[in-house]
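**Student:** Have a look at the structure that comes next, please.
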Amino acid sequence: MPRDRVGRARVTSWLFAALNSIEPHVVNLREIELLKPPDESRRVAVISASSARLGDLSTWLAARDYLEARRFTAADLLMSTVLRILPDGDLGTRWPILSSYRQRCEARPAFRKALADHVASFDEGFGAAG
């Protein structure tokens, strides 16, 4: 998290954007992928609704490696985690800039550590219950 007030506010805004502007659309797209058979009319509507938000995010990231200040922040950790909900093919085909962004974030040691710690917490919980 940036130390300056303006930087913190911008990163905080991206955290809210990840959870409230991007995640609902990503979850809807993923749900459609899981339906057997897929509801094609819903698919068209959800892709239309999600394209605006994901397109805006893609445009923002087209000239940047990360969401803010050319450095990896908590906002990138959360946004890339939200984007992980989509299958690679779906993300890469429709929004290649977002796919590259996600891969760049996932390659960072901070992301790998956070993910490993998260998975370990589940492993510990299941180990204790078993």
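**Student:** Within region 13-33, track down each residue that is within 14 Å of Leu67 (Cα to Cα) and exposed (fewer than 15 other Cβ atoms within 10 Å of the Cβ). Break it down into steps so the answer makes sense when it comes.
**Tutor:** Taking region 13-33 as the starting set, the residues that turn out to be within 14 Å of Leu67 (Cα to Cα) are 13-18, 22.
Passing the criteria: Ser13, Phe16.
**Student:** Moving on. Any residue that is among the charged types (D, E, K, R), more than 21 Å from Leu115 (Cα to Cα) and touching a residue at least 40 places away in the same chain (Cβ under 8 Å) - is there at least one of those in region 19-41?
**Tutor:** Kept after step one, since they are among the charged types (D, E, K, R), are these residues of region 19-41: 23, 30-31, 33, 36, 39-40.
Right, trim to more than 21 Å from Leu115 (Cα to Cα) and you get 31, 33, 36, 39-40.
In the following step, the residues that additionally are touching a residue at least 40 places away in the same chain (Cβ under 8 Å) were identified as 33.
Among the residues of region 19-41, at least one is among the charged types (D, E, K, R), more than 21 Å from Leu115 (Cα to Cα) and touching a residue at least 40 places away in the same chain (Cβ under 8 Å), which makes the answer yes.
**Student:** Would a scan of region 71-82 turn up a residue that is farther than 28 Å from Asp4 by Cα and among the aliphatic types (A, V, I, L, M)? Working first, answer last.
**Tutor:** Filtering region 71-82 for residues farther than 28 Å from Asp4 by Cα gives none.
No.
**Student:** Same structure, new question: Show the residue pairs that are 6+ apart or on different chains and have beta-carbon atoms under 7 Å apart, the first residue being within region 100-114 and without any contact (Cβ under 8 Å) to a residue 40 or more places away in the chain, the second being surrounded by 13 or more Cβ atoms within 10 Å (Cβ to Cβ) and among the acidic types (Asp, Glu).
**Tutor:** So the pair list comes out as Arg104/Asp65; Cys105/Asp76.
We did not get these values from a lab; they are worked out from the coordinates using the rules stated. What you are looking at is a predicted structure, and each value in this text was computed from that prediction instead of being measured. Cβ atoms come from the backbone with ideal geometry, glycine included; neighbour counts cover every protein chain shown.
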